[in-house]
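Colleague: Handing you a structure now.
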Amino acid sequence: MTSTPLLPAGSAIRARGAVRRRTDGVDALVVALWLACGGLILLPIGALLVLAGRGDQLGVLLHGDVLQAGANSLFSATVSALAAVVIGTTFAVLLDRTDLPGRTVLRLLALSPLLMPPFVGAIAWLGIAGPTSPLNLWWRGTFGAPLWSIYGADGVILLLTIHSYPIAMLIVSAALRRIPTDLEQAARISGAGPARALTSVTVPLLRPALVSSFVLIAVGNLADFGIPSIIGLPERFVTLATLVYRYLQSGTVDDPLAVVATIGVVLLVLALLALVADGLLARRGWELDSSNAVPERTPLGHARVGVGAMMWAVVLLITVLPLLALLTQTLLRAPGVPLTWENLTLDHLVRAVTTPSALAGAANSTMLASLAAVICGILGLAIGVVVARTSGRAPRALGAVAMVPQAIPGIVIAVAWLILAPSLGLFNTPWLILVAYVTSFTALVVQAVAAPLSATPTSAEEAARVAGAGRLRALVDISARMATPAAVAGAVIVAVTAVRELTLSVLLLSPGSQTLGVAIFNFQQAGAFSTASAWSLIVALVGLAVIGLATRRTS
Amino acid sequence: MSRMRSTVPLALLGVAAIALAGCSSSTSPAATAEPAAGALEPATITLYTSEPQEKADELVAAFNEIHPEITVEVFRAGTGDLTTRVATERESGGIQADVFLAADAGTFEGYAAEGLLLEYTPADVEALNADVVDAEGFYTGTRIIPTVIAYNTGIITEAPESWQELTDAAYADQIVMPNPDVSGAAAYNAAVWLDDEQLGEEWMTALAENRPVIADSNGPVSQAVATGAQPVGIVVDYLVRELAEQGSPIAVSYPSEGVPYVSQPVGIFADTEQAEAAQAFVDFLVSEEGQKLAVEQSYLPVRSDVGTPEGAPSMDEITILSPDLETIRSTQDAAVETFRSLFLR
């Protein structure tokens, strides 16, 4: 994840290509892909910049609401990303480098918050630590005031952390596997204890991975809409994402699109600054050859049982408890009644799954997610193959452009498409959501395709060329076929991400094209908490099951 | 006029429609006898409404029992969100909605003044409460929705009896109310309170000093009161009745100064291409069947021949605040701004 070589060492082909400057199918393909990326990525961002630049919106940025929301966003994104990196790194080190009991199951459980959409997590956590959760009610009955309510800044930070630490855990785990244990062994031989060897040799080598995961998480959390909207707004903790939504949905400002475009550009600049910082800090890292040696696990000794129990407790708390809370909220007969057997009912669950609007939302989400998966899969495969297997400035720049949306907060992409929609005739159609999905998620497939393909030798293509195949033919027949499984895997990730997505569709929805995420969000907003909980439970369980099955085959 | 015409949702809707049709024909033979009289050309109309989603779904299903040939696409959001959407659509290619069913008459007065509404007086208009029918015939009220004080019976033993009482320091941090930015009823209420001699800005300032929680709309307010998160709420009355019926510890108090109410009017946009179908929908809303459904959904009806919801008072038992609509319309924006400056800073 830290450094993806975009160009292979295909010097033989490059030399031949330079000699023979005849335009062929590959050049046409590159041009077509440039057009696609231009239309899907550069055009919306350009529209955003133009609208933000036109007219004097600087005054808006200095408006009290915007400054406050900006400060809140920066604060919650930074603190949650720091906490996520600390927790993710601790988990990764404990799971990969120590003899903690039950590591395999623990790892799967610890990753599961990533598989639950953040807004579903927010709805679930209201049942655990909301002002009227059983714990708070009991505490209030005993001591007169609730223990702690999740509403407000602290709750937003907690939930952002829970939903993003698995990313840090994945990145750090991957980095750990590339750090040879020989170094630790050398330290041990020189007299260091096992813990000392781990913390003074291995952990410093993780710095690039730590910085990268921090940046990635901070950019993601900067733009999250569901958590600050459900958890932050009741305590008036407004972030830029929720402010953008409010401006667009209930005309509290004049010319909302221009204002929102300006806020979008600010978010964009913040994200780019973070990327530059990442480039400066992380790339100055150490290149280490991967080691085939099985890493020696640091024994935890006396602490093994204690640390193990604590880790199990924490992981169960953040994975199983939310599901139980959703289940309770779904089954409870009416809000405010005590949790007893006779107060449980299946009525809400039955009503929820027969609600036409939610079913229509589910159908729309399924359709949009499948289409997005197909389009992103094909486009991502083509870009990935061209980037990994051809040389020259145009394909290299193409790869860079295709990866840009990964660094753009989703809410910015939504605003950009909202600006373009009327002139493209997409206003109030579901296709607006589809193009936004394609803009946002193509990078997932490009990444899945380009990295492994760059790492495989080009000998098969060269053989095809020697046997007389043209450049395009060799690309399609050899490279594309080789990369197809990776593209399919990437497309599946796109589909499961898009099917329960909220941040983009909440801004782009139109009559008759509500998505499942928006349907659940609307139930929550309208006070139909049991219905929202029932659907959240379904989304969470189906998501966990599907991804659990998919990963079991590969790991 | 949505372009959402993919096979997947269509197939699902088709299955749902067949299922619904199956249910209706078996359960209510009386309803199936009627359509012959009023069958119309098949049409699709788009309804923008602030009705809760589940209620809107029931409404459309009941309408389709009489007019199966008309498809109603529902877009639900708060009244504030809907008016913003309509404003945006006017700028970019025309209003997408045919029928508008949302909180308060003020909004409709505004649209009527701008010439956006079709003049239509529903059939059966004589049976309706004259207060909710627009004299010029641009819109008609469909439900009486008073805003009241709700309280959690497990926590509050003595119910607050007036708006004035809510400014008592005993209620500091105990109150929850909806945001007028989102809720049309809340925006209307803000204007009515400010316009009222007994209440006015002084009362509102005092209320703000008790730091009420501002929820996005009425739904979360009633939930917060029922669960006891905030034991006192300012909220529309039907939500309270519904929760009490389900068993939640919640009850209603009708304040002595009087209750403001909105009438959830319905209007047809003038540039609709489906005027007949839209008119049939409006007729249904205020017809005897439509109003019976309203009562089933815990609303106070706009006609006197369909009873009242269980546990609801009749209209002459409660004091009603009926200010001059024109004053409310012209002061509502400023009232919302006043509310924001007092409560949301």
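Colleague: When the range B:180-223 is examined, which residues are found to be at the interface with chain A (Cβ under 9 Å from one of its Cβ atoms) and assigned to a loop (DSSP other than H, G, I, E, B)?
Modeller: Correct list: B:ASP181, B:VAL182, B:ASP216, B:SER217.
Colleague: Would you say A:GLY377 is more than 21 Å from the chain's Cα centre (by Cα) and touching a residue at least 12 places away in the same chain (Cβ under 8 Å)?
Modeller: no
Colleague: Hey, another quick one. From the list A:THR298, A:THR354, exactly one residue is on the phi < 0 side of the Ramachandran plot, at pLDDT 80 or above and not hydrophobic (A, V, I, L, M, F, W, C). Which is it?
Modeller: Just one listed residue meets the conditions, A:THR354.
Colleague: Also, quick follow-up: Given the options A:ALA407, A:ALA451, A:ALA464, name the one that is at pLDDT 85 or above and in contact with a helix residue (DSSP H, G or I) (Cβ under 9 Å, 6 or more places away or on another chain).
Modeller: Being at pLDDT 85 or above and in contact with a helix residue (DSSP H, G or I) (Cβ under 9 Å, 6 or more places away or on another chain) holds for just one of A:ALA407, A:ALA451, A:ALA464, which is A:ALA464.
Colleague: Of everything in the range B:42-58, what is within 22 Å of B:ILE95 (Cβ to Cβ), within 10 Å of chain A (Cβ to nearest Cβ) and under 15 Å from the mean Cα position of the chain (by Cα)? Give them in sequence order.
Modeller: B:LEU47, B:TYR48, B:SER50, B:GLU51, B:GLN53, B:ALA56
Colleague: Now for a different question. With the structure loaded, tell me whether A:SER536 is touching a residue at least 12 places away in the same chain (Cβ under 8 Å), of a type in the set (S, T, N, Q) and outside any helix (DSSP H, G or I) or whether it fails that test.
Modeller: So A:SER536 does not fit the description; no.
Colleague: A further question on this structure: Checking the conditions here, which among B:ALA159, B:ALA186, B:ALA170 is more than 26 Å from B:VAL295 (Cβ to Cβ) and of a type in the set (Gly, Ala, Ser)?
Modeller: B:ALA170
Colleague: If only one of A:GLY144, A:GLY155 is surrounded by fewer than 20 Cβ atoms within 10 Å (Cβ to Cβ), over 19 Å from A:LEU94 (Cα atoms) and small (Gly, Ala, Ser), which one is it?
Modeller: A:GLY144
Colleague: A follow-up question, please. Filter the range B:65-94 for residues that are closer than 16 Å to A:ARG246 by Cα and hydroxyl-bearing (Ser, Thr, Tyr) and give the result.
Modeller: B:THR79, B:THR83, B:THR84, B:THR88, listed by residue number.
One line per residue, one yes/no per condition, for (1) modelled with pLDDT under 90; (2) in contact with a Pro (Cβ under 6 Å, 6 or more places away or on another chain); (3) not assigned by TED's automatic domain parsing to the domain that holds B:TYR151:
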site	(1), (2), (3)
B:SER183	yes, no, no
B:VAL192	no, yes, no
B:LEU199	no, no, no
B:GLU202	no, no, no
B:GLU209	no, no, no
B:ASP216	yes, no, no
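Colleague: Also: Taking A:THR242 and the conditions (1) surrounded by fewer than 21 Cβ atoms within 10 Å (Cβ to Cβ); (2) of a type in the set (Val, Ile, Thr); (3) part of a helix (DSSP H, G or I); (4) in contact with a helix residue (DSSP H, G or I) (Cβ under 9 Å, 6 or more places away or on another chain), which numbered condition does it fall short on, given that it satisfies the others?
Modeller: Against the list (1) surrounded by fewer than 21 Cβ atoms within 10 Å (Cβ to Cβ); (2) of a type in the set (Val, Ile, Thr); (3) part of a helix (DSSP H, G or I); (4) in contact with a helix residue (DSSP H, G or I) (Cβ under 9 Å, 6 or more places away or on another chain), A:THR242 comes up short only on (1).
Colleague: For A:VAL435, state whether it is in contact (Cβ under 8 Å) with a residue 60 or more places away in the chain and either touching a Cys at 6+ places or on another chain (Cβ under 8 Å) or assigned by TED's automatic domain parsing to the domain that holds A:LEU115 (or both).
Modeller: For A:VAL435, the condition - in contact (Cβ under 8 Å) with a residue 60 or more places away in the chain and either touching a Cys at 6+ places or on another chain (Cβ under 8 Å) or assigned by TED's automatic domain parsing to the domain that holds A:LEU115 (or both) - is not met.
Colleague: Any residue that is over 28 Å from A:LEU51 (Cα atoms), buried (at least 20 other Cβ atoms within 10 Å of the Cβ) and within 14 Å of chain B (Cβ to nearest Cβ) - is there at least one of those in the range A:490-503?
Modeller: yes
Colleague: Given the options A:GLY512, A:GLY470, name the one that is surrounded by fewer than 22 Cβ atoms within 10 Å (Cβ to Cβ) and not acidic (Asp, Glu).
Modeller: A:GLY470
Colleague: Write out, first by first residue and then by second, each pair whose Cβ atoms fall under 9 Å of each other, whose residues are 6+ apart or on separate chains, and whose first residue, in the range A:120-138, is not assigned by TED's automatic domain parsing to the domain that holds A:LEU502 while the second is among the basic types (Lys, Arg) and buried (at least 21 other Cβ atoms within 10 Å of the Cβ).
Modeller: The qualifying pairs are A:VAL120/A:ARG500.
Colleague: Same structure again: Let me confirm something: among B:GLN291, B:GLN246, B:GLN230, B:GLN264, which residue is within 23 Å of B:SER314 (Cα to Cα), at pLDDT below 90 and either in contact with a strand residue (DSSP E or B) (Cβ under 6 Å, 6 or more places away or on another chain) or not aliphatic (A, V, I, L, M) (or both)?
Modeller: After ruling out the rest, the residue left standing is B:GLN246.
Colleague: Among the residues of the range A:239-261 satisfying the criterion of being within 16 Å of A:ILE413 (Cβ to Cβ) and at pLDDT 85 or above, which is nearest to the other protein chains (Cβ to nearest Cβ)?
Modeller: A:TYR245
Colleague: Another question about this same structure. For the range B:322-341: of the residues being touching a Leu at 6+ places or on another chain (Cβ under 9 Å) and buried (at least 17 other Cβ atoms within 10 Å of the Cβ), which is nearest to B:GLY110 (Cα to Cα)?
Modeller: Out of the qualifying residues, it is B:THR331.
Colleague: Given the criteria more than 21 Å from A:VAL385 (Cβ to Cβ), at pLDDT 90 or above and not assigned by TED's automatic domain parsing to the domain that holds A:LEU273, does A:ILE45 qualify?
Modeller: Judged against the criteria, A:ILE45 is a match.
Colleague: Take the range A:504-536 and flag every residue that is β-branched (Val, Ile, Thr) and either more than 10 Å from chain B (Cβ to nearest Cβ) or under 21 Å from the mean Cα position of the chain (by Cα) (or both).
Modeller: A:VAL506, A:THR515, A:VAL518, A:ILE520
Colleague: Give the residues of the range B:293-345 that are of a type in the set (A, V, I, L, M, F, W, C), within 14 Å of chain A (Cβ to nearest Cβ) and assigned to a loop (DSSP other than H, G, I, E, B), sorted by residue number.
Modeller: B:LEU344
Colleague: Only one of A:GLY264, A:GLY191, A:GLY285, A:GLY232 is away from chain B (no Cβ under 14 Å), at pLDDT 80 or above and surrounded by 17 or more Cβ atoms within 10 Å (Cβ to Cβ). Can you tell me which?
Modeller: Within the list A:GLY264, A:GLY191, A:GLY285, A:GLY232, the selection yields A:GLY264.
Colleague: Looking at A:VAL401, is it closer than 30 Å to A:GLY70 by Cβ, more than 14 Å from chain B (Cβ to nearest Cβ) and either basic (Lys, Arg) or in a helix (DSSP H, G or I) (or both)?
Modeller: yes
Colleague: Of the residues that sit in the range B:84-126 and are β-branched (Val, Ile, Thr) and away from chain A (no Cβ under 14 Å), which one is farthest from B:SER322 (Cα to Cα)?
Modeller: B:THR121
The values are calculated or read from the model by the stated rules, or taken from the named source; none is laboratory data. None of the values given here were measured: they were computed from a predicted structure. Backbone-built Cβ (ideal geometry, glycine too); neighbour counts: all protein chains shown.
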